[in-house]
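Data block below; observations after.
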Amino acid sequence: MAKVIAVCISEKKGTIKHEVPSVSVKIDHGILGDAHAGNWHRQISLLGTESVEKLKSKFPDIPVGAFAENILTEGITLYELPVGTQLQIGETLLEVTQIGKECHAHCAIRKQVGDCVMPREGIFAIVIREGIIRPGDSIQVV
């Protein structure tokens with residue numbers, strides 16, 4: 001079963017996010033209190049623990065949120081989902097809008113960790129149905 005491992009926010013773009021107990025997601029906005037929120041196509045970022053594990057040999061103590069992921073998942077290969085896929089996460093519904101992204105040269109994550117899996121394996125989504133997302137919530141492809 002696919003599930004949420006952690007939820008994270010940051011107050012400033014390009015920084016490592018910090019874990020929080022839950023996040024509230026809003027249509028046309030994303031996660032309340034997160035720097036990446038706004039009415040655009042990359043409201044929420046998701047990354048799988050399976051992707052993070054690929055860098056554990058280089059950086060064994062990678063903290064949650066190190067790759068600027070809002071939602072850290074387990075049990076689903078996110079980067080194989082086509083754009084347009086809808087994910088029910090707990091009571092919310094998200095729609096995948098982008099797979100990967102360009103990593104900026106000034107990326108704090110790349111500087112601190114030495115590599116960044118988000119450009120290759122992270123995905124981005126918009127909010128279709130509002131609600132709260134918490135660690136432990138199930139993830140289902142709709």
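The values are calculated or read from the model by the stated rules, or taken from the named source; none is laboratory data. Please read all numbers here as calculations on a predicted model, not as lab measurements. So basically every Cβ, Gly included, is an ideal-geometry build from the backbone, and we count neighbours across all protein chains shown. The area values use the complete protein model at the heavy-atom level, side chains included, leaving out ligands, DNA and RNA. Shrake-Rupley method; radii C 1.70, N 1.55, O 1.52, S 1.80 Å.
Cβ-Cβ distance of residue 120 and residue 24, R₀ of 25 Å, FRET efficiency by 1/(1 + (r/R0)^6): the value works out to about 0.30. Here the Karplus curve 6.51 cos²θ - 1.76 cosθ + 1.60, taken at θ = phi - 60°, turns the phi angles of the range 18-24 into couplings of 10, 6, 10, x, 6, 10, 9 Hz, with x standing for Gly and Pro. Annotation: amide H of residue 98 within the under-5 Å range of 124, sequence separation 5 or more or interchain, hydrogens built in the peptide plane.
Nearest 0.05, what FRET efficiency do residue 15 and residue 83 give at R0 = 22 Å with Cβ-Cβ as r? Show your work: numbers first, answer last.
On the way: r = 27 Å, r/R0 = 1.21.
Efficiency, rounded to the nearest 0.05: 0.25.
The mean accessible area for residues of the chain, using a 1.4 Å probe and ignoring ligands and nucleic acids, is 47 Å² per residue. Would you indicate which of [x] 0.92; [y] 0.98; [z] 1.02 is the value of Rg/Rh (Cα atoms, Kirkwood Rh) derived from the coordinates of this structure? Looking at Rg/Rh (Cα atoms, Kirkwood Rh) for this model, the match is [x]. Couplings 3J(HN,Hα) for the range 30-35, derived from phi with the Karplus relation 6.51 cos²θ - 1.76 cosθ + 1.60 (θ = phi - 60°), are x, 8, 4, x, 9, 5 Hz, where x marks Gly and Pro. Determine the share of the chain's accessible area contributed by carbon and sulfur atoms, expressed in whole percent, with a 1.4 angstrom probe. Ligands and nucleic acids excluded, carbon and sulfur give 52 percent. Backbone amide hydrogens, once placed in the peptide plane, bring residue 73 within less than 5 Å of 5, 47, 48, 49, excluding anything fewer than 5 places away on its chain. Label positions at residue 1 and residue 39, each projected 7 Å from the Cα along the C-beta direction, are separated by 3.8 nm.
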